[in-house]
Amino acid sequence: MGRVVPVIFRQPGVLHRKAVAVADKLGTPVLTALGATQHDPILGSLLNGTNYQMAAVAGNRYGVSLASNILTVLTGGAPADYIIYFRVGQVAGADYYDIFLSVDAAPRWVGRITEAQRASGVSGIYAPGTTLAISIFPVVAGNMVVCLAGTGLQTSDAPFLQNTAYTPADPSIVTVACPGRMQVRVLVKVTITGFAVAPILTLIPFLQGQLTNEWYSGPLMTQPVLSAAGATLLREWDLDVEGAKALNVLVDTVTGCTVDIYCETV
C-alpha cells in the first residue's frame, strides 16, 4: 500500500486586528517636579546648591519604554545631604519604573520602583537599587523621594533609545489559535491617512509557548509602504507557528497610516 499523505486544509481568513494606528508598546512616563528638596542628614546624600537631572522609563516583562522628560531640580543651600521629591505618572500596563538622577545632562540610573510602590505615594530610593517606605506629605500616588545620585547607565545609552516594552498579552487583542497548525499567512492591509509624513509600518509577531504560556517575539516584519517598486498597500507574510499555542501580530512602528491584519492558518 502507498503511504497516506495527510491533507492539510487552509482555514478561512479572520480579521485579527482592525485599524491599528498606534504601536503596541508601553507609553512614556511623565515626571512632575514637586518643587521640594530637603536637608536630611540621615537619608540624604545629594549635594547642596546643585542642579540634578531626573528621568524615568517604564518597564514590563518584555522591555522598557523610551525615557521620560528630563526634570532639573536645584537643591537648597548649605549644609549638604539633600533629598529630592518628585512625582512619576502612571503608565498603563507598566510593572515597574527605572529612575535616573545625577548631575549629567543624560541622568544615570539610581534605582527601580514597582507599580505598587509608585502607587503607594511613600516610596523612596535611599541606596543604589534599594527602596523603602518614607513618610511623605502629602501622600499622593506617584510621589517619591530619591536620596542619592545614580552611577549606573545613562538615559542616552542603548537600552533606552528604543521602546521594547511590547504588550502582546493585551486582552483587547483576539489571538490566533495555532495548535495543530504549521503556518499562518498574515495579510496586511494599509490605509494611508495623509502625506504630511512618510508612511511607515513595521510589525512584530509574538508566539505563545505551549508550556510557559509566555509570549516570545519573532523577527521584525518591515512592510515598505509606497517606498519602492512593488511596495503596495497590501502584502502577505508566511509565519512558521509549529508548536506554538497562539499568535499575536503587534505593531512596532506606525506613522502616517493605519493597518488591518488578517490571518489564515494552515
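The figures follow:
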item	result
Residues A21 and L226, FRET efficiency given R0 of 22 Å [Cβ-Cβ distance, rounded to 0.05]	0.80
The chain, dipole about Cα centre (Lys/Arg Cβ +1, Asp/Glu Cβ -1), debye to the nearest 20	560 debye
Over the chain: helical MRE at 222 nm, DSSP H runs n ≥ 4 each giving -39500 (n - 2.57), nearest 500	-500 deg cm²/dmol
Qualifying GluC sites (Glu not before Pro) in region 146-253, DSSP loop, other Cβ atoms within 10 Å at most 15	E214, E242
Inter-probe distance in nm under a simple model that places probes 7 Å from Cα toward Cβ, at A158 and S217	1.4 nm
Spatial separation of Cα centroids for region 25-75 and region 188-230, in angstrom	33 Å
Cα-based shape type of region 214-266, given that a ≥ b ≥ c are square roots of the gyration tensor eigenvalues and the cut on a/c is 1.5	prolate
Cα→Cβ-extended label distance, 7 Å offset, between T151 and A127, nm	1.3 nm
Anchor K189: aspartates and glutamates whose Cα lies under 20 Å away (excluding residues fewer than 8 positions away in-chain)	D24, E236, D238, D252, D260, E264
Distance (nanometres) between label positions extended 7 Å along Cα→Cβ at V266 and D40	6.1 nm
Region 31-160 - percent relative contact order, Cα under 8 Å, separation 6 or more	27 percent
Linear extension gain, V197 paired with D238, 0.36 nm per residue minus alpha-carbon span	11.9 nm
Mean Cβ count within 10 Å, highest first, over the residues of peptides 220-228, 86-94	86-94, 220-228
Förster radius 22 Å - calculated FRET efficiency between T253 and Q183, Cβ distance, rounded to 0.05	0.35
Estimated vicinal HN-Hα couplings, Hz - region 145-154 in sequence order (Karplus 6.51, -1.76, 1.60; Gly, Pro = x)	10, 10, 9, 8, 7, x, 10, x, 4, 9
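Readers should treat all values here as calculations from the given coordinates under stated rules, not as data from a laboratory. Worth saying up front: this structure is predicted, and the values here are computed from it rather than measured. Counting neighbours? That spans all protein chains shown, and the Cβs are built from the backbone with ideal geometry, glycine included.
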